[in-house]
Amino acid sequence: MASRSLASTKKQPVPAGVVGLGLMGTSIATCLAAAGHRVVAIDKDATRRRSLKRRVSVLLRHMRREKLLSKDPASVMKDMSTSDDFGALRDCGLVIESIFENLDEKRDVLREIEDAVLPEALIGSNTSALPVTELQRGARHPERILGVHWGEPAHILRFLEVICGDETDQRNAEKVMRLASLWKKEPTLVRRDVRGFITNRIMYAMMREAFYLVENGYATVEDVDRSVRNDMGYWITLAGPFRYMDLTGIPAYAAVMHDLLPDLCRSQETPKLMQQVVASGARGTSNANGFYPYTRAQAKRWEKRFLEFSYEIRALALKYAERPKAAV
C-alpha cells in the first residue's frame, strides 16, 4: 500500500505509476521497472497501452546488453501492468505524470491521480517548463506534488531535476532525491520554483541565439550545429559552465561578457524559422521531417545513433565522474 515508506523494503521499492505513455512516459516506465518498482502504466489511448510492453521490452533488452540491467527483461516485465482507469494507481506510493506540456491538461490529470491514490503518496509532474506552483493550485495535498524533470532517453541519462513548488514539503523532495539514486540518476534539487528550471533555461537561451544567427544570415543550421558540437560538445559532459570557466581562466570570460552580452538576442518571440518549420508539419526524425531533410531510413539511422551515443556518453561521464569526497 502507499502508506509504506518509499523505500519499502530492501528487496523491492513501492509500486510506482506512470500516466502518459508517449516517448518519455515509456522510457520513464522502463527506468522505474528496471529499478525494481512494480509499475502501473495509465493511458487513455488503447494503442499505446497495447504496444507498451513491446516497447519497454526492447528498451530493457538494450539496457541488459549495455550492462545497465542485471535481471532478465522478461522477469522485469511481469511487474508491469497497463490500464485506462486511474483507480489502478491506488496502491502506488509514487506516481509520475508525463502527458504533453499543457498546464490545464496536466492539472486535470494531477487531480485524477489525487482522487486515486492515498494522501501520503507522492505525485511528480514530468514538465519541461511549467511552474510547479501553478500545477499545485487547487490540489487537496499540494505539499506532495513536485516537479520531476527527466531527460530523454530517461532510462539511460543520469540527469534528473527535482523541483519544489511554493507548497512542496521539502521532505517529500528529499524522498524523491533518495529514490533517484535507485534509478541510477545524479539528481539536482531545484530549491525554488522557476519556469524552465536549470537546464532548460540555459538550453533555450542557447537555442534562441542559434535561431538568431541563422535567421539573420550569419550561419546556416549546419554551421551552427557543427560549431556547437565541436566546442561545447567536447567539454560539457565533463564540466558544467562554472567548472569550465575554472579550468580555462575566469578573467577572460568577464571581459567577453562585458562586450558580448549587450549584443546577444533578447527577443521574446518564438523565432520565425521555428514557426515555419512547425507549420510545415515537421516533428523531426519521428516523421522524417525537420530542420534537416531525411529519408525514412536516414531518420531511423539517426534515432539508432542517438540511442547508441546515449549509452556511450553515459559510460564516458561515469569514467570521469566526481567521487563523493571530491564533490564541491
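Bear in mind these aren't lab numbers, they're just calculated from the coordinates by the rules spelled out. Worth saying up front: this structure is predicted, and the values here are computed from it rather than measured. Note that we place each Cβ from the backbone using ideal geometry, even for glycine, and neighbour counts take in every protein chain shown.
Some points to look at:
- HN-Hα J in Hz across segment 234-244 - Karplus 6.51, -1.76, 1.60, θ = phi - 60°, x for Gly and Pro: 8, 10, 6, 6, 7, 9, x, x, 6, 5, 5
- The length gained by stretching the chain between Lys53 and Ala282 to full extension, at 0.36 nm per residue less their Cα-Cα distance, is 79.7 nm.
- Structure note, pairs Lys67/Lys319; Lys184/Lys300; Lys44/Lys304; Lys44/Lys272; Lys44/Lys106; Lys44/Lys71: Cα-Cα distances above 24 angstrom occur for Lys184/Lys300; Lys44/Lys304; Lys44/Lys272; Lys44/Lys71.
- The label-point distance for Ala205 and Ala255, in a model that sets each label 7 Å from Cα toward Cβ, rounds to 2.2 nm.
- Stokes-Einstein translational diffusion, segment 234-328 - Kirkwood Rh over all Cα pairs, 0.692 mPa s, 37 °C, in µm²/s: 187
- A Förster radius of 25 Å combined with the Cβ-Cβ distance from Thr220 to Ala129 puts the calculated FRET efficiency at roughly 0.35.
- Relative counts (whole %) of C-alpha pair distances in segment 104-249, using bins that are 5 Å wide: 2, 9, 15, 17, 17, 14, 9, 8, 6, 3, 1, 0
- Converting the Cα gyration tensor eigenvalues of segment 67-170 into ellipsoid dimensions via √(5λ) gives semi-axes, longest first, of 25, 18, 13 Å.
- Kirkwood Rh, Cα atoms: Rg over Rh of the chain: 0.97
- Reciprocal mean inverse distance between Cα atoms of segment 242-296 - Kirkwood radius, Å: 14.8
- Amide hydrogen proximity for Leu160: with H placed 1.01 Å from N in the peptide plane, the residues at 5 or more positions away or on another chain lying under 5 Å are Glu186, Thr188.
- For segment 80-210, DSSP calls about 30 percent of its internal beta bridges antiparallel.
- Rounded tilt (10° steps) of 46-65 against the dominant C-alpha axis of the chain: 70
- Linear extension gain, Asp169 paired with Val194, 0.36 nm per residue minus alpha-carbon span: 7.3 nm
- Of the peptides 196-206, 250-260, 146-156, 128-138, the order by per-residue mean of other Cβ atoms within 10 Å, starting with the highest, comes out as 146-156, 128-138, 196-206, 250-260.
- Antiparallel DSSP beta bridges within the chain, as percent of all bridges there, nearest 5: 20
- Stretched out straight at 0.36 nm per residue, the stretch from Tyr294 to Asp108 would grow longer than its current Cα-Cα span by 63.2 nm.
- Computed FRET value (nearest 0.05) for Leu182 with Asp231, which takes r as the C-beta separation and R₀ as 30 Å: 0.25
- Rounded to whole numbers, the Karplus 3J(HN,Hα) couplings from phi for segment 286-291 are 5, 10, 6, 8, x, 5 Hz, using 6.51 cos²θ - 1.76 cosθ + 1.60 with θ = phi - 60°, and x at Gly and Pro.
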